[in-house]
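Right, one structure below, let's go through it.
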Amino acid sequence: MTDQNFLQQWNEININEPAPETEPSRQYYFMKKCKVLLEEKTQELGRKLTCCAVTFGCQMNAKDSEKLLGILENIGFVATESEDADFIIYNTCTVRENANLKVYGRLGYLKNKKKKNPNMMIALCGCMMQEPEVVSKIKESYRFVDLVFGTHNIYKLAELLYQRLNENKMVVDILDGTDNIVEDLPAERKYSFKAGVNIMFGCNNFCTYCIVPYVRGRERSRNPKDIIREIEALVADGVVEVMLLGQNVNSYGKNLEEKITFAQLLQEVEKIEGLERIRFMTSHPKDLSDELIEVMKHSKKICNHMHLPVQSGSDRILNRMNRKYTKEHYLNLVNKLKESIPNISLTTDIIVGFPGETEEDFLETLDLVEKVGYDTAYTFIYSKRTGTPAAKMENQVPEDVVKDRFDRLLKTIQTISKEKTYAYEGTDQLVLVEGVSEHDSAYVTGRLSNNLLVHFKADSELIGKLVNVHLDEAKGFYYIGHQC
Ligand code: SAH
Ligand code: SF4
Ligand code: F3S
């Protein structure tokens with residue numbers, strides 16, 4: 001939403017009247033109500049109250065956290081990175097067991113902080129909260145938590161907070177699913193020059209290992225007009241790169257009344273003046289169309305990179321995973337991509353130790369990795385998620401065997417990605433400068449179209465700009481360079 005629309009919404013709301021029924025007006029009403037209460041608290045304490053969002057999991061959650069912070073800042077909180085904040089929100093992930101364990105561990109530590117700061121409030125939201133057993137556990141053993149809500153109602157943060165400020169007990173609000181997409185709420189962006197943009201929510205694929213369809217609900221595409229409007233507003237606000245987000249962007253538009261494909265959406269986004277770079281994730285191989293490859297081939301803005309999760313190289317395992325493609329189909333796609341888009345960078349996700357995976361199956365995965373020659377691959381040890389079909393499958397692979405395969409896979413991937421990185425040494429590349437280097441403040445860090453990073457000596461004034469950089473030296477997974 002533009003600043004003007006926002007101001008109009010905000011000014012039109014009268015908090016002495018009953019709450020509006022329609023969204024997003026209802027949420028602006030509660031933001032304004034909370035703001036009054038927060039101002040009283042600020043007066044009482046003689047200082048501003050702070051908020052902090054801690055994000056676990058994927059880009060979807062990162063985007064949701066920006067929306068949560070946008071709401072909190074409108075209410076009057078000052079955002080901070082510190083977990084000493086007065087309002088702390090954990091936006092959780094449950095894709096693998098260890099993501100859950102991390103949250104429980106950190107809650108124990110927050111309990112002590114809350115004892116020291118009586119104004120502190122703790123909110124939990126995100127994918128983990130969509131699991132009934134998690135919510136029961138929190139209600140029972142973590143009674144100091146103030147707010148619990150799920151993935152379908154993050155837009156309701158102000159309303160839930162208002163409820164919490166008026167009654168002295170934990171507020172829990174979880175929806176099983178939704179058809180609702182609430183547009184036009186504020187967001188506090190982490191970067192001034194790049195932004196994630198949701199194009200769809202949820203997932204219909206039900207890969208047998210994966211909990212995402214259960215916690216994020218059915219696939220819902222956003223209206224293309226709303227997407228374009230959001231990107232135009234972002235560009236007007238200084239954004240030069242967008243990342244279009246969805247669990248399976250290649251099936252974008254399928255449930256919209258007015259049919260539109262992902263490739264057609266990309267063409268519309270490409271037309272936006274002032275936008276320089278377009279990225280997207282994630283692509284499911286079963287829905288990757290020739291139309292998309294064609295659009296990428298002719299685009300001046302879509303980055304030279306495709307994240308194409310394969311999960312396994314064995315047809316038998318792919319079938320048991322319900323991925324709906326074979327190794328051969330995947331390799332054909334890769335060949336088409338490489339032929340149409342020279343030097344395209346390919347990255348992937350791989351699961352090791354899926355139930356029933358034999359040494360033979362694993363060797364198929366290694367073979368595929370070598371044939372594709374990924375620039376990077378993210379590898380995961382299979383994690384059993386209660387409620388998914390794979391959790392009930394027999395022949396869960398012993399831990400030591402999985403560990404051994406994982407190490408072998410990692411070695412193979414590292415060798416290949418190193419070679420890939422060295423191939424660009426000595427070339428000039430256009431990079432988007434993203435920030436001051438973490439290692440040396442005389443350097444800045446930029447990102448290439450293929451997603452790799454380069455560090456080079458320059459002033460921080462270049463942040464958010466596209467510049468040409470000579471890649472002097474490949475350092476494994478990044479480069480050292482100098483501005484041309
Ligand atoms: N929608 C995306 C991926 C979302 S989850 C896609 O289909 O590609 C990100 C990655 O987590 C997946 O690609 C998969 O490799 C991994 N993952 C999902 N569930 C997992 C599980 N139960 N155990 C281990 N890894 C898992
Ligand atoms: Fe999970 Fe498969 Fe959906 Fe990706 S496509 S989110 S792996 S169910
Ligand atoms: Fe995790 Fe939810 Fe994303 S489970 S990976 S945060 S969709």
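The values are calculated or read from the model by the stated rules, or taken from the named source; none is laboratory data. This structure is a prediction, so every number in the text was calculated from the model and none was measured. Please note: Cβ atoms are built from the backbone with ideal geometry, for glycine as well, and neighbour counts cover all protein chains shown. Surface accessibility is based on the protein's heavy atoms, side chains included, excluding ligands, DNA and RNA. Shrake-Rupley method; radii C 1.70, N 1.55, O 1.52, S 1.80 Å.
Structural remarks
- For the range 324-340, the criterion of being hydrophobic (A, V, I, L, M, F, W, C) and not in a helix (DSSP H, G or I) is met by none of the residues.
- Subset of the range 291-336 (residues that are more than 16 Å from ligand 2 (Cβ to nearest atom), surrounded by 20 or more Cβ atoms within 10 Å (Cβ to Cβ) and among the aliphatic types (A, V, I, L, M)): L292, M296, I302, V334
- Flag for N468 being in contact with an Asp or Glu (Cβ under 8 Å, 6 or more places away or on another chain), of a type in the set (S, T, N, Q) and exposed (fewer than 14 other Cβ atoms within 10 Å of the Cβ): yes
- Scanning the range 211-240 for residues that are in a loop (DSSP other than H, G, I, E, B) and over 18 Å from the mean Cα position of the chain (by Cα) yields N223, D237, G238, V240.
- The range 436-465 - residue that is closer than 22 Å to H307 by Cα and in contact with a His (Cβ under 6 Å, 6 or more places away or on another chain) and, of those, most open to solvent (accessible area, probe 1.4 Å): N451
- Restricting attention to the range 377-411, the residues that are in contact (Cβ under 8 Å) with a residue 12 or more places away in the chain and open to solvent by less than 40 Å² (accessible area, probe 1.4 Å) add up to 12.
- Some residue of the range 412-426 being in a strand (DSSP E or B), open to solvent by 40 Å² or more (accessible area, probe 1.4 Å) and without any contact (Cβ under 8 Å) to a residue 40 or more places away in the chain: no
- Across the range 64-98, the qualifying residues are those that are in contact with a strand residue (DSSP E or B) (Cβ under 7 Å, 6 or more places away or on another chain) and surrounded by fewer than 20 Cβ atoms within 10 Å (Cβ to Cβ), and the one among them that is farthest from A391 (Cα to Cα) is V78.
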